[in-house]
Amino acid sequence: MTPVVVAVDGPAGSGKSTVARAIAAELGLEVLDTGAMYRAVTLAVLQAGVDPDDDRAVADLAQVSVIEVGEVVWVNGVDASHDIRGPEVTGAVSRVSANPSVRDLLVERQRQWVADHGGGVVEGRDIGTVVFPDSPLKVYLTADSSTRAARRHLDEQVAQRQVGVDDVRADLQRRDALDSGRAVAPLRPAPDAVVIDTSGMSVEDVVKRVLQEARSVGLVE
Ligand code: DC
């Protein structure tokens with residue numbers, strides 16, 4: 001049987017992680033956060049003192065870095081769950097994720113993860129367009145920039161990182177431009193994705209809406 005993949009894509013702060021976790025619980029699937037994989041490679045790059053714009057060196061380092069993404073994110077045997085969300089990684093991750101060799105490597109690992117786990121809810125930027133274009137349910141979440149900035153700002157406060165909401169908004173805009181404008185696997189909805197604007201919606205309502213779609217494609221009763 002082909003493993004079932006639910007693709008959840010969208011920009012930062014659109015609600016992907018929260019919604020992906022809730023959907024996975026409802027469908028009895030596990031979640032893969034592919035953004036955490038790109039962040040983990042970026043942390044390894046920064047720790048090794050490699051220039052994030054040096055495509056060759058970054059690709060070589062990605063090949064030899066030992067990365068594990070789950071409840072805890074491990075980078076070369078060290079718990080990096082906190083550090084991958086820090087400002088240094090957030091500042092460099094769009095450059096590392098524009099590297100075609102890094103993308104090839106991580107896409108291959110994402111497909112392997114799904115094969116090993118018998119399917120899953122996979123969240124990212126290019127899951128419906130590139131990684132699993134045959135997924136029966138592709139969800140693209142979006143939200144206006146104030147809503148997204150407010151959500152990410154709350155994440156920063158919970159993580160006890162002192163940063164103003166205007167800086168968070170500026171960072172989101174910068175990353176959106178880089179992630180949407182890159183040549184390889186840019187951020188965009190797949191032609192058959194269900195696009196949901198989550199501004200002003202509660203998590204419960206978004207989850208309900210996605211489950212409705214899951215029902216209509218026969219993933220749940
Ligand atoms: O979801 P996130 O903000 O943690 O993702 C961090 C960065 O990783 C994001 O700015 C773009 C990149 N990314 C990507 O290029 N492709 C993915 N499938 C997931 C994330």
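What follows is calculated from the coordinates using simple rules that are stated; it is not laboratory data. These numbers were taken from a predicted model, which means no experiment stands behind them. Because the Cβ atoms are built from the backbone with ideal geometry, glycine has one as well, and the counts that use them run over all protein chains shown.
None of Gly49, Gly15, Gly28, Gly35 is on the phi > 0 side of the Ramachandran plot and buried (at least 16 other Cβ atoms within 10 Å of the Cβ) except Gly15. Considered as a group, the residues in region 39-54 that are out of contact with any strand residue (DSSP E or B) (no Cβ under 9 Å at 6 or more places or on another chain) and not β-branched (Val, Ile, Thr) include one that is nearest to the ligand (Cβ to nearest atom), and that residue is Pro52.
Elements of the type strands (runs of 3 or more DSSP E) sitting completely within region 56-139 and holding at least 3 residues that are touching a residue at least 12 places away in the same chain (Cβ under 8 Å) and within 11 Å of the ligand (Cβ to nearest atom): these cover 119-124. The set of residues in region 123-182 that are among the basic types (Lys, Arg) and more than 21 Å from Glu213 (Cα to Cα) comprises Arg148, Arg151, Arg152, Arg161, Arg169, Arg174, Arg175, Arg182.
Scan region 93-116 for residues that are exposed (fewer than 15 other Cβ atoms within 10 Å of the Cβ) and either on the phi > 0 side of the Ramachandran plot or touching a Pro at 6+ places or on another chain (Cβ under 8 Å) (or both) and report the count. Matching residues across region 93-116 total 1.
You will find that of Arg169, Arg182, Arg175, the residue that is surrounded by 15 or more Cβ atoms within 10 Å (Cβ to Cβ), within 15 Å of the ligand (Cβ to nearest atom) and more than 27 Å from Arg111 (Cβ to Cβ) is Arg169 and no other. Would you check if there is a residue in region 148-159 being surrounded by fewer than 19 Cβ atoms within 10 Å (Cβ to Cβ), in contact with a His (Cβ under 9 Å, 6 or more places away or on another chain) and either within 25 Å of Arg85 (Cβ to Cβ) or of a type outside the set (Phe, Trp, Tyr) (or both)? Scanning region 148-159, I find at least one residue that is surrounded by fewer than 19 Cβ atoms within 10 Å (Cβ to Cβ), in contact with a His (Cβ under 9 Å, 6 or more places away or on another chain) and either within 25 Å of Arg85 (Cβ to Cβ) or of a type outside the set (Phe, Trp, Tyr) (or both), so the answer is yes. Could you tell me whether any residue of region 180-190 is under 27 Å from Gly28 (Cα atoms), within 16 Å of the chain's Cα centre (by Cα) and of a type in the set (Gly, Ala, Ser)? Checked region 180-190: at least one residue is under 27 Å from Gly28 (Cα atoms), within 16 Å of the chain's Cα centre (by Cα) and of a type in the set (Gly, Ala, Ser). Please enumerate the residues belonging to region 1-12 that are in contact with a Leu (Cβ under 6 Å, 6 or more places away or on another chain) and small (Gly, Ala, Ser). Answer for region 1-12, where residues must be in contact with a Leu (Cβ under 6 Å, 6 or more places away or on another chain) and small (Gly, Ala, Ser): Gly10, Ala12.
For the structure I just gave you, tell me whether Asp144 is over 18 Å from Val217 (Cβ atoms), acidic (Asp, Glu) and either buried (at least 17 other Cβ atoms within 10 Å of the Cβ) or within 13 Å of the ligand (Cβ to nearest atom) (or both). So Asp144 does not fit the description; no.
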